[in-house]
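The values are calculated or read from the model by the stated rules, or taken from the named source; none is laboratory data. Just so it is clear, the model here is predicted, and its values are computed rather than measured. FYI the Cβ positions are ideal-geometry reconstructions off the backbone, even for glycines, and counts take in every protein chain you see.
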Amino acid sequence: MVNRVTEYLFTASALLLAGCSEPYSILAPAGPSAKAVTTIWWGMLTVGVVVLLGICSLWWYASFRRNRKYSDADVDERAVRIDVHARQWAWDVTYPQHDIELTDEIHIPVDTPIDIHVTSADVIHGFWVPRLGGKIDAIPGHTNIVRLQADEVGEFGGQCAEYCGLSHAKMHFKVIAHSAEKFDAWLVQQGKTQ
Ligand SMILES: [Cu+2]
């Protein structure tokens, strides 16, 4: 068995080396035209190797980073849940733990991870608050979760990021980040008015 493997390796090596043998090899140019081709060949090989190494490195980094990010997100018990239902052409917002309902407006506490559970009543919309986090699709019959967090108090614009009909461009909303105290006061006030 070992002898047969050695035999195959020897034959394969001989064939490969035969391809580089001088009578037919572009790697042994003997004239100006052939030298130009050889230069391009080495250039293409170099660029190809650099691109391959770059892609492999990014792939490895992305795989490692993704695992770490999701495991960190799962263990954060401070996360506040807010449900967002998209429809043509508005955003219905509910706070499941507080029995609060809003439209086109999301209030959050600052410095706190917020898990937005996003779904849709009709077509696919795109939930996006550019200054606070990534986009997530709002899909009928399915719930996606995106985590947002504001590092400062203020008002942040949100916009539908998936074409969803005639008024798609007007399907915007705002996220208002309060200090922890003001957010608690806002919750109490909403509890009284709803
Ligand atoms: Cu839209």
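So the values come out like this:
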| read-out | value |
| --- | --- |
| Subset of the stretch 111-126 [among the hydrophobic types (A, V, I, L, M, F, W, C) and within 16 Å of the ligand (Cβ to nearest atom)] | Val118, Ala121, Val123, Ile124 |
| Residue within the stretch 146-167 that is surrounded by 12 or more Cβ atoms within 10 Å (Cβ to Cβ), among the basic types (Lys, Arg), in the same structural domain as Pro109 (by TED's automatic domain parsing) and within 16 Å of the ligand (Cβ to nearest atom) present | no |
| Enumeration of residues in the stretch 123-162 that are free of Cβ contacts under 8 Å to residues at least 40 places away in the same chain and not in a strand (DSSP E or B) | Pro130, Arg131, Gly133, Gly134, Lys135, Ile139, Gly141, His142, Thr143, Gln149, Ala161, Glu162 |
| Restricting the stretch 168-184 to residues that are surrounded by 16 or more Cβ atoms within 10 Å (Cβ to Cβ) and more than 9 Å from the ligand (Cβ to nearest atom), the residue that is nearest to Phe127 (Cα to Cα) | Phe173 |
| Restricting the stretch 76-110 to residues that are modelled with pLDDT of 95 or more and not in a strand (DSSP E or B), the residue that is farthest from the ligand (Cβ to nearest atom) | Val110 |
| Residue match in the stretch 120-133 (condition: over 20 Å from Asp76 (Cα atoms), among the small types (Gly, Ala, Ser) and either in contact with a helix residue (DSSP H, G or I) (Cβ under 6 Å, 6 or more places away or on another chain) or buried (at least 16 other Cβ atoms within 10 Å of the Cβ) (or both)) | yes |
